[in-house]
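Below is one structure, written out as structure tokens, with a few remarks after it.
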Amino acid sequence: MIDARNIYRKVTRKIYDFSPEQLQHILSIVWLYRGETKRFHDLVISYISKSLKESVQGILLAQEYETVFGRLHKGLEPFLAILPKDGKQAEAVRELTECLQAYKDNCRIFAKLAQEKNTWWKKAETQSLASLPEMLKELELLATENNKLMKEAELMYRLFNRLIDVCLNEHHAKENGKWNAREIINLKKQTEEARDNAVSQLKRARYFHHQVEWLVERFPDEKLRDVEGLVKLVDKDGLKENDWSLTPGRYVGVAPEKEDPDFDFGEAMRTIHAELEDLNAQAADLAERISGNFKKLGI
């Protein structure tokens with residue numbers, strides 16, 4: 001009995017379907033039921049290969065984003081140099097500097113790990129010395145660094161947008177000769193494109209790693225077993241006890257709730273805090289303009 005209700009891809013608010021990999025997941029359960037272990041094993045191996053390949057390809061894109069972002073950061077320096085050393089812009093600069101340094105450090109760590117694990121995989125794949133759970137464990141650190149780098153890439157761009165907003169709204173940057181609007185807009189577009197390329201590539205590596213996790217965590221011995229909320233072997237006696245019902249949910253049980261591995265509470269709070277500050281600033285500016293308009297009307 002297979003209950004595939006928790007296996008789906010959300011296309012729109014009303015449309016759900018199976019991704020090609022999810023279809024393979026369901027099919028792989030049938031393979032294990034039939035004793036076709038090699039097909040299951042080869043599927044997991046193919047996902048590991050794809051994940052490592054995407055990771056290696058992500059190195060240059062992550063480094064390119066760092067380079068382009070550095071040019072954008074440098075383009076703001078002439079204006080930032082004349083601003084007060086305290087206030088919102090100082091805090092924004094500090095947060096951005098710390099995030100940029102963390103990204104640079106993790107970019108180097110990720111590149112080193114991706115190359116090392118790719119070399120390890122070329123040997124492991126041909127010699128088949130390790131079990132699937134051992135292989136998955138070997139790739140844990142790379143997956144962790146991949147996720148950290150991706151989150152820092154996103155956060156770095158959000159913090160920079162926040163800094164630009166502070167410069168424009170708090171310090172009237174467009175009216176200052178040190179603010180090169182055309183150059184900053186151009187560099188910002190380049191940075192956004194570089195970020196999208198890097199993050200998309202890192203997401204592809206993470207995606208295939210998740211496929212490995214899904215299969216190996218449920219069937220670590222490459223043999224079919226009962227998995228709560230997914231699959232259960234049921235004999236005729238079991239069917240008889242349930243009035244010969246063929247509804248899988250009556251047999252497999254309910255899948256335990258799992259935490260989203262991609263959810264970072266700290267990052268979410270930082271994002272909410274930054275957005276709240278921006279909204280408060282916009283609200284204060286709007287209130288000031290409305291008040292000014294009322295005064296002009298003599299109200």
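I want the local charge near Pro84. Using Cβ-Cβ distances under 15 Å, sum +1 for each Lys or Arg and -1 for each Asp or Glu among the other residues. Computed value for this residue: +1. Among the lysines, which fall within straight-line cross-link reach of Lys14, defined as a Cα-Cα distance under 30 Å, with same-chain neighbours fewer than 8 residues apart omitted? Result set, ordered by chain and number: Lys151, Lys203, Lys232, Lys258. Entry note, the chain: the mean residue ellipticity at 222 nm calculated from DSSP H runs of n ≥ 4, each adding -39500 (n - 2.57), is -25500 deg cm²/dmol after division by the residues and rounding to the nearest 500.
When Lys and Arg each count +1 and Asp and Glu each count -1, what net charge do the other residues less than 15 Å away from His172, Cβ to Cβ, add up to? All intermediate terms of the calculation are to be shown ahead of the outcome.
Working: positive: Lys88, Lys174, Lys178, Arg289; negative: Asp165, Glu170, Glu175, Asp285, Glu288.
Residues close to His172 contribute a combined charge of -1.
Using 18 Å as the Cα-Cα cut-off, could you pick out the over-long pairs in Lys104/Lys148; Lys50/Lys123; Lys50/Lys223; Lys53/Lys104? Spell out each step's value before the answer.
Working: Lys104/Lys148 12 Å; Lys50/Lys123 16 Å; Lys50/Lys223 23 Å; Lys53/Lys104 22 Å.
Lys50/Lys223; Lys53/Lys104, as the Cα separations exceed 18 Å there.
The simple spin-label model puts a point 7 Å past each Cα toward its Cβ; for Leu239 and Lys104 those points are separated by 6.7 nm. Here the dipole of the chain is about 800 debye; that uses its Cα centre as origin and unit charges on the Cβ of Lys and Arg (positive) and Asp and Glu (negative). Restricting the GluC sites (Glu not before Pro) of the range 168-237 to loop positions (DSSP other than H, G, I, E, B) with no more than 13 neighbouring Cβ atoms within 10 Å leaves Glu228.
Sorting Phe69, Phe294 by accessible area (1.4 Å probe), largest first, what list results? Before the final figure, lay out each step's value.
Values: Phe69 0, Phe294 100 Å².
Result of the area sort, largest leading: Phe294, Phe69.
Exposure check, 1.4 Å probe, all protein chains in place: Thr119 carries approximately 80 Å² of accessible surface. About the centre of its Cα atoms, the range 149-206 shows a dipole size close to 240 debye [charges on the beta carbon of Lys, Arg (+1) and Asp, Glu (-1) only; nearest 20 debye].
Accessible-area rank, largest first, for Ile290, Ile184: Ile290, Ile184, with all protein chains present and a 1.4 angstrom probe.
Against the globular-protein guess of 2.2 N^0.38 Å, express the Cα radius of gyration of the range 165-263 as a ratio, rounded to two decimals. Provide the component values of the computation, followed by the final result.
Details: Rg = 27.1 Å, N = 99, 2.2 N^0.38 = 12.6 Å.
Normalised by 2.2 N^0.38 Å, the Cα Rg of the range 165-263 equals 2.15.
Taking all protein chains together and rolling a 1.4 Å probe, Asp196 ends up with roughly 70 Å² accessible.
Please identify the trypsin sites (Lys or Arg not before Pro) of the range 27-90 that satisfy two criteria: DSSP loop assignment and at most 12 other Cβ atoms within 10 Å. Which are they? Please list the in-between numbers first.
Details: sites: Arg34, Lys38, Arg39, Lys50, Lys53, Arg71, Lys74, Lys85, Lys88; in loops: Arg34, Lys85.
Answer in residue order: Arg34, Lys85.
Taking the charge dipole of the chain about its Cα centre, with +1 at Lys and Arg Cβ atoms and -1 at Asp and Glu Cβ atoms, the residue from Ala181, Tyr47, Ala4 reaching farthest to the positive side is Ala181. Specify which residue in the list Ala124, Leu279, His172 is farthest towards the positive end of the charge dipole of the chain, using unit charges on the beta carbon of Lys, Arg (+1) and Asp, Glu (-1), about the Cα centre. Working it through, the farthest residue towards the positive pole turns out to be His172.
Pairs of alpha-carbon atoms within less than 8 angstrom and 6+ residues apart define the contacts here; what relative contact order does the chain have, in percent?
Values: 240 pairs, mean separation 90.7, N = 299.
Taking the mean separation of contacting Cα pairs over the length of the chain, I get 30 percent.
All Cα-Cα distances of the chain, cut into 10 Å bins from zero to the largest, leave 5, 20, 24, 19, 14, 10, 5, 2, 0 percent in each bin in turn. Shown is the FRET efficiency for Ala287 and Thr12, computed with R0 = 51 Å from the Cβ-Cβ distance and rounded to the nearest 0.05: 0.85. Restriction of the trypsin sites (Lys or Arg not before Pro) in the range 172-221 to DSSP coil positions whose beta-carbon has at most 13 other beta-carbons within 10 angstrom yields Lys178. When Asp3, Asp237 are compared by accessible area at a 1.4 angstrom probe, the order from most to least is Asp237, Asp3.
The values are calculated or read from the model by the stated rules, or taken from the named source; none is laboratory data. None of the values given here were measured: they were computed from a predicted structure. For neighbour counting, all protein chains shown are included, and Cβ atoms are generated from backbone atoms with ideal geometry for every residue, glycine included. Calculation scope for accessible area: heavy atoms of the full protein, side chains included, ligands and nucleic acids excluded. Shrake-Rupley method; radii C 1.70, N 1.55, O 1.52, S 1.80 Å.
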